[in-house]
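Take a look at the structure set out below.
Each value in this text was obtained by applying a stated rule to the coordinates, not by laboratory testing. In this text, all values refer to a predicted model and were calculated from it rather than measured experimentally. Here the Cβ is made from the backbone with ideal geometry for all residues, glycine too, and neighbour counts use every protein chain on show.
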Amino acid sequence: MKLSERKRIAIVDAAEQLFCQEGVEATSMVEIALKAEVSKRTLYNHFPNKDDVFYAVLANKQAQLTDVEHFVFDKNVSIEQQLTLIATNEVKLLRSEPFLRIAKMALMQLLKQPELAQQMSAAKVGCMTFLEQFLQDAVNNDILEITDVAFAAKQFIYQLKGFVFYPHLFNFDKLNEQQEQNLIQQTVKMFVANYKKH
């Protein structure tokens, strides 16, 4: 790895730590340079302004969060079993520290940059990187009957997000392990009841 690339990584890592601790608005470019142990000139060579640093941090975290186990539809395994595995992995991601860190940081910035919402909405992380294709394959194999696969995928995810992600993000009452298992089972049961081909 080239020195310039190592310095870029150091800058992004340092900025992420500072943004999470202090917030984007309260963090200065000088502080980022100090934390990354690079000169201000080096910092500005890589990133002309703080917004560019922030977007680089977001892109870096999103890349990490898309590096998840991909499930390919298997017609020889029950749809219930496959969706349960997908939901279980998604629940782990939704309450994971890296996911919550990026979400908190982005949420604070959304208040100041509403245009950021569109970019974040378009970003696919976790099982959303493959779920639409998985569901479409299940439809093609006459297992599910779905007219709007994109909507069905969001329906599946938002059911989990509502009960797992938001309570962790805002420090509401969090589900225990048994409640999480029940949520996964009920989510799959409702989804299959609605979409399984009879």
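What dipole magnitude, in Debye to the nearest 20, does region 3-62 give about its Cα centre under +1 on Lys/Arg Cβ and -1 on Asp/Glu Cβ? Magnitude of the dipole: close to 240 debye. In this structure the amide hydrogen of LEU144, modeled in the peptide plane, comes within under 5 Å of the amide hydrogens of VAL139, LYS197, none closer than 5 places in sequence on its chain. Which of rounded, prolate or oblate describes region 83-198 when judged by the alpha-carbon gyration tensor and an a/c cut-off of 1.5? Oblate is the answer for region 83-198, as a/c is 1.5 or above yet b/c matches or exceeds a/b.
Given a Förster radius of 30 Å and the C-beta distance between GLN21 and ASP173 as r, what FRET efficiency does 1/(1 + (r/R0)^6) yield to the nearest 0.05?
Numbers: r = 26 Å, r/R0 = 0.86.
Step by step, r from the Cβ atoms, then E = 0.70.
Spin-label model, LEU110 to SER96: label points 7 Å out along the Cα-to-beta-carbon direction sit 2.0 nm apart. Out of ALA63, ALA87, ALA106, any idea which swings most in a Gaussian network model of the chain, alpha carbons joined below 10 Å? Evaluated over the chain, the most mobile residue of the options is ALA63. Of the residues ILE79, THR129, SER39, the one whose Cα sits farthest toward the positive end of the charge dipole of region 1-154, with +1 on the Cβ of Lys and Arg and -1 on the Cβ of Asp and Glu, is SER39. Taking a ≥ b ≥ c as the square roots of the eigenvalues of the alpha carbon gyration tensor, region 1-99 is prolate, as a/c is not under 1.5 and a/b beats b/c.
What's the extension gain from LYS197 to ILE9 if we count 0.36 nm per residue and subtract their Cα-Cα distance? Mind showing how you got there, number by number?
Numbers: separation 188, 0.36 × 188 = 67.68 nm, distance 4.86 nm.
Gain in length upon complete extension: 62.8 nm.
Please determine, in degrees from 0 to 90 and to the nearest 10, the orientation of helix 3-22 with respect to the longest principal axis defined by the Cα atoms of the chain, where the helix direction is its Cα long axis. In the chain, helix 3-22 runs at an angle near 80 degrees to the longest axis. Taking 0.890 mPa s as the viscosity and 25 °C as the temperature, the Stokes-Einstein diffusion coefficient of the chain based on its alpha-carbon Kirkwood radius rounds to 131 µm²/s.
Over region 1-143, calculate the relative contact order: mean separation of alpha carbon pairs under 8 Å at least 6 apart, over the residue count, as a percent. Display every interim value, and only then the final one.
Working: 96 pairs, mean separation 42.0, N = 143.
Computed value for region 1-143: 29 percent relative contact order.
Taking R0 as 22 Å, what's the FRET efficiency between GLN81 and GLN155 from their Cβ-Cβ distance, rounded to 0.05? For R0 = 22 Å, the calculated efficiency reads 0.65. Between helix 149-169 and the chain there is an angle of about 60 degrees, using the helix long axis and the longest principal axis of the Cα atoms.
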